[in-house]
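The values are calculated or read from the model by the stated rules, or taken from the named source; none is laboratory data. Remember, predicted model here, so these are calculated numbers, not experimental data. Note that we place each Cβ from the backbone using ideal geometry, even for glycine, and neighbour counts take in every protein chain shown.
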Amino acid sequence: MKELLDGVCTFNDFLGDGLVEYLDVNEENNALIALYEGEVTPETTHIEIEPFTILGVNAGLIPYPHHNQSPRNTYQCAMGKQAMGNIAYNQLCRMDTLLHILVYPQRPLVTTRTIELVGYDKLGAGQNAAVAVMSCSGYDIEDAIVMNKASLDRGFGRCIVMKKYSNIIQKSETGASDSILRPQRTGPGSEKMQILDDDGIAAPGEIIRPNDILLNKVSIHTKGIPVSSEPIMDSAYRPGKQLYKGPEGESCVLDRVALSSDQKGNLSIKFLIRHTRRPELGDKFSSRHGQKGVCGIIIQQEDFPFSERGICPDLIMNPHGFPSRMTVGKMIELLGGKAGVSCGRFHYGSAFGEPSGHADKVETISETLIKHGFCYNGKDFIYSGITGFPLQAYIFMGPIYYQKLKHMVLDKMHARGNGPRVMLTRQPTEGRAQKGGLRVGEMERDCLIAYGASMLIYERMMLFSDPYDAQVCRKCGLIGYYSHKLKTGFCSSCKIGENVSSMKLPYACKLLIQELQSMNIVPRLKLVEP
């Protein structure tokens, strides 16, 4: 090892001499591998270079993963990719399609050797939050998190969402191209063009709102226009304005406008929208142990519990999240973080690292806590912020590294009163992007049937979905049509309109009857007098 440090030998020299070997999975079956030097026996064939190298980068970011239930580590490997942070030193010079940036990322107090190797401590993706593990109000059940409003005001969990919009000024084969018009400053529609410069392109630094115009462009109809030197008529152009489509009621800032050209030589205009967001109810957070939760309530700091030293937690977590999940690593991280801030050094929690010194032992952490005047098990004497009296139990409180995930309620919330319908079925469209309705499915229908809520079923299944006035023949039971000429219903089968009655039924039902008729199955509706 001295030769390696002095630069006399390299890693490749060790490989060539057979001191270091890459073992295949099949070879491992016939090898006895020791994790540490102290475990070497006469039968041992190999020693692992470092036990934490068994895990990849994602799993290597977790402190004390060998103290967690294994599915929790798997969950964190997935959620670690969704955490916001800093992606690169040049992140503000790039124009990504979608970029989430944490405003004030921090280095984790309890770190691992993998974190140092991959540089995660240089560009973090989370913040050290003072966490109290206690039950507070009813807004923390089922993994919900109670958050301190003062912490959010100071910048905890604040993020920036950068979104790119691009538009290309197309050139047609005839030589004509799209045009950018000067904005109109007065008249109808001018309020949507207030952010445009005189060249018809939005100005950087402007505050924009949903449906504001970023580019006042008109596109040309390329079909049917002959090649000629004569000017093109205005009727050949159609509006092609670039609109900003963001969450309703939210204002953003136009961060940057870039003009470039594409491979065909067309002018390409790119807009970078910047939206600063603070945490709100429903935003998703997660520690590095697969313990995810959404913000359940934001409480004023005056009503938050506080310790004897006057420390208010940033967030409160329900203790019922520990027994079944068995994330003991999170509890050790809290102890290590508390000891770290009291003695002023980073603690390590690398996987399987206690024997080799890459992870601090709980006994050592407890000794540090006692030395600096804390309880050995990390619990504090807490006072209620509402009554001012001490709580009846000691509260487990300390710093834990929390990640803000990209799932935010602003991007997901959706409601609809009225909106577009599908042309075929005449039922509301599906999905948030299409401003769709919320479906009352089969199971919801069964619940309503069980409660006997017949009028609610009638309302949801037909009145507010796809009501249709069908003309039904009382004689043959087939669906006819309404004749505007005769001002009455008409039966196509009986060729008369005397026996036709009007009834309300779902349009999907009428569609099903017609589809069955196309397959030579003729359903007939029997009408009775009310």
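For this structure, a couple of remarks:
- Options GLN69, GLN76: the member that is surrounded by fewer than 18 Cβ atoms within 10 Å (Cβ to Cβ), touching a Lys or Arg at 6+ places or on another chain (Cβ under 9 Å) and not small (Gly, Ala, Ser): GLN69
- The C-beta contact set for the range 257-272 (first residue in the same structural domain as LYS164 (by TED's automatic domain parsing), second residue in a loop (DSSP other than H, G, I, E, B) and surrounded by 14 or more Cβ atoms within 10 Å (Cβ to Cβ), distance under 7 angstrom, 6+ apart or interchain) comprises VAL257/PRO204; ALA258/MET95; ASN266/GLN170; LYS270/MET95; LEU272/MET95.
- Single condition ALA339 does not satisfy, out of (1) aliphatic (A, V, I, L, M); (2) touching a Ser or Thr at 6+ places or on another chain (Cβ under 6 Å); (3) under 30 Å from GLY205 (Cβ atoms): (3)
- Within the range 173-190, tally of residues that are surrounded by 10 or more Cβ atoms within 10 Å (Cβ to Cβ) and either closer than 19 Å to PRO210 by Cα or free of Cβ contacts under 8 Å to residues at least 12 places away in the same chain (or both): 5
- GLU444 farther than 30 Å from GLY282 by Cα and among the acidic types (Asp, Glu): no
- Some residue of the range 342-352 being in a strand (DSSP E or B) and over 36 Å from the mean Cα position of the chain (by Cα): no
- Odd one out for LEU117 among (1) under 30 Å from PHE352 (Cα atoms); (2) of a type outside the set (D, E, K, R); (3) surrounded by fewer than 19 Cβ atoms within 10 Å (Cβ to Cβ); (4) under 26 Å from the mean Cα position of the chain (by Cα): (4)
- Some residue of the range 344-354 being among the polar types (S, T, N, Q), touching a Lys or Arg at 6+ places or on another chain (Cβ under 7 Å) and either in the same structural domain as VAL131 (by TED's automatic domain parsing) or farther than 16 Å from ILE62 by Cβ (or both): yes
- Taking the range 33-143 and the helices (runs of 4 or more DSSP H) fully enclosed by it, the elements with 3 or more residues that are hydroxyl-bearing (Ser, Thr, Tyr) are at 70-79.
- Those helices (runs of 4 or more DSSP H) lying entirely in the range 370-478 with at least 1 residues among the hydroxyl-bearing types (Ser, Thr, Tyr) and either in contact with a helix residue (DSSP H, G or I) (Cβ under 7 Å, 6 or more places away or on another chain) or not assigned by TED's automatic domain parsing to the domain that holds CYS343 (or both): 442-451, 454-458
- Some residue of the range 443-455 being closer than 19 Å to ARG426 by Cα and at pLDDT 90 or above: no
- Filter result for GLN403 (closer than 30 Å to MET134 by Cβ, touching a Ser or Thr at 6+ places or on another chain (Cβ under 9 Å), surrounded by 13 or more Cβ atoms within 10 Å (Cβ to Cβ) and not hydrophobic (A, V, I, L, M, F, W, C)): yes
- Residues being closer than 12 Å to LYS504 by Cα and without any contact (Cβ under 8 Å) to a residue 40 or more places away in the chain - total across the range 457-481: 4
- In the set (1) more than 49 Å from the chain's Cα centre (by Cα); (2) modelled with pLDDT of 90 or more, THR488 fails one condition alone, (2).
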